[in-house]
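Here's the structure we're looking at; comments come further down.
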Amino acid sequence: MSAQPAAGSLTVAVGGLGAIGLAVAKALDEGRLEGLRLTAVSARDVAKAQRAMSGFAAPVPVVPLGELAEHADVVVECVPAAAFADVAGPTVERGRIFMPISVGALLRHMDLVDRARQTGARIIVPTGALIGLDAVRAAAEGTIREVRLVTRKPPLGLAGAPYLVENGIEVEGLTEAKRVFEGTAREGAAGFPANVNVAAALSLAGIGPDATRLEIWADPAVTRNMHTITVDADSARFTMSIENVPSEENPKTGKITALSVIAALRRLTAPLVAGT
């Protein structure tokens, strides 16, 4: 198999059947994505994954993470950041299309980009829970002077993040908004691996993880995950904001993230694509 579609069709494997992965797998099984077919999934709990697929029209094999690329043209990564390399490495080595959700982990494995050039693989990062990456990509064709992302989340959505634990920062019981982090997108992605993949995606679309600035706020007054992007470039100056409804299964991610992955998959075989 190559990373390119054969006769306009692609097979897809999904690594991880959490809130995002299961939604993507269901969309594929229901035939909602023309020219795309689910052929394998992977999960830590095989029995649970098989139960999750009990209502599928065509249940597929549950295989180890490292074998997903043997079963499909496209591999969608929806696993905890610690397992990222188990999916990414074999997928790129086999020259497949790799769609990562743990974009912060990708920043620690940018050697995969060079390897993809050699193997013919493609790494496609979905927009995820953000907005307007097409505008950022367009501006990056010129000169961008500054990119800043301000993220506000309910405290529960940030609890347990490594940066908070390491620095003894408490977010439980807050009565007012508290800024818990300010730094680069790279630093934020490392300190909040389950929370700010958005910052990593933004940095890859624009001026890189070390130049993109990030603020993270724990705010008890908000019920949605809120992100505001400001960009100052030679071609335009713009501000974009989005308020995402948290997933019931995992408050650290928004419902729109899974929909973004589905939209990115649809673009792979769609006869018409709108947007940069």
Point to revise | The listed residue being closer than 29 Å to Q118 by Cα and part of a loop (DSSP other than H, G, I, E, B), out of A85, A57, A72, A40 | key: A72
**Study point:** Identity of the residue in the range 245-259, at pLDDT below 90 and of a type in the set (S, T, N, Q), that ends up most open to solvent (accessible area, probe 1.4 Å)
**Key:** N250
**Study point:** The one condition in (1) open to solvent by less than 40 Å² (accessible area, probe 1.4 Å); (2) on the phi < 0 side of the Ramachandran plot; (3) not hydrophobic (A, V, I, L, M, F, W, C) that G95 fails to fulfil
**Key:** (2)
Practice item. Pairs only if they're at least six apart or on different chains, beta carbon under 7 angstrom, first in the range 1-17 and closer than 15 Å to T91 by Cα, second at pLDDT 60 or above and open to solvent by 50 Å² or more (accessible area, probe 1.4 Å); list them, first residue then second. Key: A3/R122; T11/R37; V12/R37; A13/H71
Exercise for review: Go through the residues of the range 24-33 one by one and say whether even a single one is under 17 Å from the mean Cα position of the chain (by Cα) and within 30 Å of A161 (Cα to Cα).
Suggested key: yes
Point to revise | Scope the range 145-163; condition of a type in the set (S, T, Y) and outside any strand (DSSP E or B); matching residues | key: Y163
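Which members of the range 199-230 meet the condition of being open to solvent by less than 10 Å² (accessible area, probe 1.4 Å) and assigned to a helix (DSSP H, G or I)?
A199, A200, A201, L202, S203, listed by residue number.
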Check your understanding: Does S235 fit the bill of being surrounded by fewer than 24 Cβ atoms within 10 Å (Cβ to Cβ), in contact (Cβ under 8 Å) with a residue 12 or more places away in the chain, part of a loop (DSSP other than H, G, I, E, B) and among the hydroxyl-bearing types (S, T, Y)?
Key -> yes
Study note, to complete from the structure: Those residues of the range 45-82 which are open to solvent by less than 60 Å² (accessible area, probe 1.4 Å) and touching a residue at least 60 places away in the same chain (Cβ under 8 Å) amount to A72, D73, V74, V75, V76, E77, C78, V79, A81
Revision key, fill the gap. For the range 200-219, pairs from a residue that is in contact (Cβ under 8 Å) with a residue 60 or more places away in the chain to a residue that is outside any strand (DSSP E or B) and among the basic types (K, R), with Cβ under 7 Å and 6 or more apart or across chains, are A205/R137; P209/R186
Point to revise | The listed residue being assigned to a helix (DSSP H, G or I), free of Cβ contacts under 8 Å to residues at least 60 places away in the same chain and open to solvent by 20 Å² or more (accessible area, probe 1.4 Å), out of R186, R267 | key: R267
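The values are calculated or read from the model by the stated rules, or taken from the named source; none is laboratory data. None of the values given here were measured: they were computed from a predicted structure. We place every Cβ from the backbone using ideal geometry, glycine too, and count neighbours over all the protein chains shown. These area figures cover heavy atoms from the full protein model, side chains too; ligands, DNA and RNA do not enter into them. Shrake-Rupley method; radii C 1.70, N 1.55, O 1.52, S 1.80 Å.
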